[in-house]
Amino acid sequence: MRSTADVVIVGGGAVGTSIAFHLTQLGLTDVLLLERGELSAGATGRSGALIRTHYANAPEARLAAAALPWFEEWADRVGGECGFVRTGFVQLVMPGDADRLHANVVMLTGLGIDTSVLDATELAALESGLAVADADLGAYEPRSGYADPVATTRTLAAAAVRGGAQIQQQTTVLRLLGAGDRVTGVETTAGRVQADTVILANGSWSVPLTESLGLDLPIESVGAQVAFVSRPDGLSGRGGHLTMIDRRTGIYARPNGRSETLVGLSQSARTIASPDDAEVLDSFPGTALHQLALSMPAFAAQKVLRAHAGPLDVTPDRCALIGRIEGCDGLVLAVGMSGSGFKKAPAIGACVAELVVEGKARTASIDEFALSRFAEGRPIVSNDYLLGSSMGGSGPVLVH
Ligand SMILES: Cc1cc2nc3c(=O)[nH]c(=O)nc-3n(C[C@H](O)[C@H](O)[C@H](O)COP(=O)(O)OP(=O)(O)OC[C@H]3O[C@@H](n4cnc5c(N)ncnc54)[C@H](O)[C@@H]3O)c2cc1C
């Protein structure tokens, strides 16, 4: 293996490959991406891959909005297919959250996002399979949908390699090199690489790597599960049915190709000792199908075909850690995606590449995502929604 690189990226998921691609787009080609297994081996390969711009805080909405045109124009901008399907997306909330929904839609439209609040009649007209009561409301965005996370990552990696980057799989970064206030490279299972900049894009696995620097990254490993369900006839939405997050029932769902639907539970996540824990709990498939049928009753007679689990890297405010670290030159973070990093990956990659090459992100602001926000007592505050009583009505809600 080579012994130097301008930039080493640790992790070959959607975020790491996006950073590699964007670095080459900015003319920095001496880039080495190291992946301990295969591309998409972590959260990315297990992702629900919902793509939406509805967020309850502006910093994340800006990143999601900046990423959406990439998915829409993938073939021209990156090359190949990312599997983007524009189904439209709806965020459904409890009737008691009407004011919050309206406030968030005002915030989002202020950022230039195409979204509006629909009432029960409008929602039923949009998706005939949706269970709606008179007082129900949803925020609709026509441009959103879902993509194929593995194809997204593969095409980003291919474009990065075409641009001059090198991607080395089956190579684990064992520790960061350097001392005190400067990281100077990495030690790997295939030898040492000296680098001006090391970018961590390896989710929860970043935590042990930064311990030697005296850094305690505030990231908790959480297991998330999704089930694939056979899809009934009679749903009216584009591409199968609307992609949705439904706080009334605690689900998120989207079509998966021609005959399946992917469903996850916002609250099924559990703390795991290791991000390598990919256990699907016995109770999960049945609960997911039951809650999905509360949102779309035609699913009541359907079957769960399979399910899988993957790790989330969750921070205290459930927003990512992106940027340089004060007092630790040569290290850049792109971790802590908190269950919501796939849809933002094209924009996060652009921002991190701009930071490294030009000194500052210009695609969107990443200042709010600095690790220092926690020590400084200014976490990102979300105007987030309650969960319906059928899912407990309280407790942490993980976004997707
Ligand atoms: C079940 C589930 C559903 C989700 N649903 C959505 C959704 O609907 N929408 C959305 O936007 N997001 C969703 N997410 C979250 C999203 O998938 C992640 O935030 C995103 O994929 C993270 O990408 P990443 O590149 O940061 O991390 P990862 O994909 O985890 O990549 C990190 C990589 O680093 C590698 N690695 C680790 N340690 C080392 C090391 N020491 N040396 C070398 N390589 C290393 C790993 O093997 C891994 O491939 C979901 C996640 C899960 C698990």
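The values are calculated or read from the model by the stated rules, or taken from the named source; none is laboratory data. The structure presented is a predicted model; accordingly, all values stated were derived computationally and were not measured. Cβ coordinates were reconstructed from backbone atoms using ideal geometry, including for glycine residues, and neighbour counts include every protein chain displayed. Each accessible area value is taken on the protein alone, full model and side chains, heavy atoms only, with ligands, DNA and RNA left out. Shrake-Rupley method; radii C 1.70, N 1.55, O 1.52, S 1.80 Å.
Could you check how many residues of the range 80-104 are in a helix (DSSP H, G or I) and open to solvent by 10 Å² or more (accessible area, probe 1.4 Å)? Give the derivation first.
At the first step, the residues of the range 80-104 found to be in a helix (DSSP H, G or I) are 95-104.
Then keep just the ones that are open to solvent by 10 Å² or more (accessible area, probe 1.4 Å); that gives 95-96, 98-100, 102-103.
So the count comes out to 7.
From the list THR24, THR17, THR29, which residue is within 15 Å of the ligand (Cβ to nearest atom) and of a type in the set (S, T, N, Q)?
THR17
Listed residues GLU127, GLU141; which is open to solvent by less than 10 Å² (accessible area, probe 1.4 Å) and either modelled with pLDDT under 95 or on the phi > 0 side of the Ramachandran plot (or both)? Even if it seems obvious, please write down each step before you answer.
Numbers: GLU141 fails: either modelled with pLDDT under 95 or on the phi > 0 side of the Ramachandran plot (or both).
Going through GLU127, GLU141 in turn, the sole match is GLU127.
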List, please: which pairs have Cβ atoms under 8 Å, are six or more places apart or on different chains, and start with a residue in the range 110-121 that is touching a residue at least 60 places away in the same chain (Cβ under 8 Å) and end with one that is among the aliphatic types (A, V, I, L, M)?
-> ILE113/ALA61; ILE113/ALA65; THR115/VAL105; THR115/LEU108; THR115/ALA139
Could you list all residues from the range 275-287 that are buried (at least 19 other Cβ atoms within 10 Å of the Cβ) and within 11 Å of the ligand (Cβ to nearest atom)?
-> PRO275, PHE284
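So is THR243 within 10 Å of the ligand (Cβ to nearest atom), touching a strand residue (DSSP E or B) at 6+ places or on another chain (Cβ under 8 Å) and touching a residue at least 60 places away in the same chain (Cβ under 8 Å) or not? Spell out the reasoning first.
Numbers: within 10 Å of the ligand (Cβ to nearest atom): yes; touching a strand residue (DSSP E or B) at 6+ places or on another chain (Cβ under 8 Å): yes; touching a residue at least 60 places away in the same chain (Cβ under 8 Å): yes.
So THR243 fits the description; yes.
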ARG162: within 28 Å of PHE342 (Cα to Cα), of a type in the set (D, E, K, R), open to solvent by 20 Å² or more (accessible area, probe 1.4 Å) and more than 14 Å from the ligand (Cβ to nearest atom), yes or no?
-> yes
In the range 351-391, what residues are within 26 Å of VAL31 (Cα to Cα) and among the small types (Gly, Ala, Ser)?
-> ALA353, GLY359, ALA361, ALA364, SER365, ALA370
Where residues in the range 236-256 are under 20 Å from the mean Cα position of the chain (by Cα) and part of a loop (DSSP other than H, G, I, E, B), which of them is surrounded by the fewest Cβ atoms within 10 Å (Cβ to Cβ)?
-> ARG247
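Could you tell me whether SER259 is in contact (Cβ under 8 Å) with a residue 24 or more places away in the chain and farther than 26 Å from GLY11 by Cβ? Even if it seems obvious, please write down each step before you answer.
Numbers: in contact (Cβ under 8 Å) with a residue 24 or more places away in the chain: yes; farther than 26 Å from GLY11 by Cβ: yes.
Yes.
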What do you reckon, is ALA157 in contact with a helix residue (DSSP H, G or I) (Cβ under 7 Å, 6 or more places away or on another chain), more than 30 Å from THR249 (Cα to Cα), modelled with pLDDT of 95 or more and of a type in the set (A, V, I, L, M, F, W, C)?
-> yes
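Suppose the filter is open to solvent by less than 10 Å² (accessible area, probe 1.4 Å), in contact with a Phe, Trp or Tyr (Cβ under 6 Å, 6 or more places away or on another chain) and within 16 Å of the ligand (Cβ to nearest atom); does LEU292 pass it?
On the way: open to solvent by less than 10 Å² (accessible area, probe 1.4 Å): yes; in contact with a Phe, Trp or Tyr (Cβ under 6 Å, 6 or more places away or on another chain): yes; within 16 Å of the ligand (Cβ to nearest atom): yes.
Judged against the criteria, LEU292 is a match.
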Could you tell me whether any residue of the range 210-223 is under 21 Å from PHE342 (Cα atoms), within 14 Å of the ligand (Cβ to nearest atom), modelled with pLDDT of 95 or more and more than 19 Å from the chain's Cα centre (by Cα)?
-> no
If you scan the range 32-73, which residues turn out to be open to solvent by 10 Å² or more (accessible area, probe 1.4 Å) and more than 12 Å from the ligand (Cβ to nearest atom)?
-> ALA56, ALA58, PRO59, ARG62, ALA65, ALA66, PRO69, TRP70, GLU72, GLU73
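Sort through GLY191, GLY185, GLY180 and tell me the only one that's open to solvent by less than 10 Å² (accessible area, probe 1.4 Å) and at positive phi. Explain how you work it out, then say what you get.
On the way: GLY191 fails: open to solvent by less than 10 Å² (accessible area, probe 1.4 Å); GLY180 fails: open to solvent by less than 10 Å² (accessible area, probe 1.4 Å).
Being open to solvent by less than 10 Å² (accessible area, probe 1.4 Å) and at positive phi holds for just one of GLY191, GLY185, GLY180, which is GLY185.
Would you list the strands (runs of 3 or more DSSP E) that sit entirely within the range 302-362 and hold 3 or more residues that are open to solvent by 10 Å² or more (accessible area, probe 1.4 Å) and near the ligand (Cβ under 9 Å from one of its atoms)?
Numbers: elements: 304-314, 321-325, 328-335.
Here the list reads 304-314.
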Would you be able to say whether some residue in the range 207-218 is crowded, with 23+ Cβ neighbours inside 10 Å, β-branched (Val, Ile, Thr) and closer than 14 Å to GLY11 by Cβ?
-> no
